[in-house]
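These notes are about the structure you will find just below.
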Amino acid sequence: MIEYSDIKDRLLTRREMLNRRLHRITEEVRHSDGPLPSDFSEQAVERENEEVMDALGKAGMEELKQINRTLNRIEAGDYGVCAACGEPIPEARLKVLPYSEYCVACAEKLDRGS
């Protein structure tokens, strides 16, 4: 089995960074729950900021899910094996796309099917 400690370290670092960012986003949203400004343009900016923060939070949560799934696969010894065909995923692909669950051929088939 290939040693994936570098990838695991990168994922753990990214997870920690995302957790900090999501905490800040949560705090921002919590503090923006006050009354809306009386100026209509300020209200529009405030609502837009809330939408951006919400989108960032959702994207961060999705990435955290991917990181946790990947870390679980590493721990289980399933990492680097295509979930569709069972063939090894090239290490170069995993370095670029560490969340990859599929080899290139299977990923392309899945993309065409959707």
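The values are calculated or read from the model by the stated rules, or taken from the named source; none is laboratory data. Since we're looking at a predicted model, the values are computed, not measured. Glycine gets a Cβ as well: all are built from the backbone with ideal geometry, and neighbour counts include every protein chain shown.
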* Structure fact -> For region 88-114, the count of residues that are surrounded by 13 or more Cβ atoms within 10 Å (Cβ to Cβ) and charged (D, E, K, R) equals 4
* **Test result for residue 106, at pLDDT 95 or above and assigned to a helix (DSSP H, G or I)** => yes
* Is one or more of the residues making up region 42-51 of a type in the set (D, E, K, R), modelled with pLDDT under 95 and under 16 Å from the mean Cα position of the chain (by Cα)? -> no
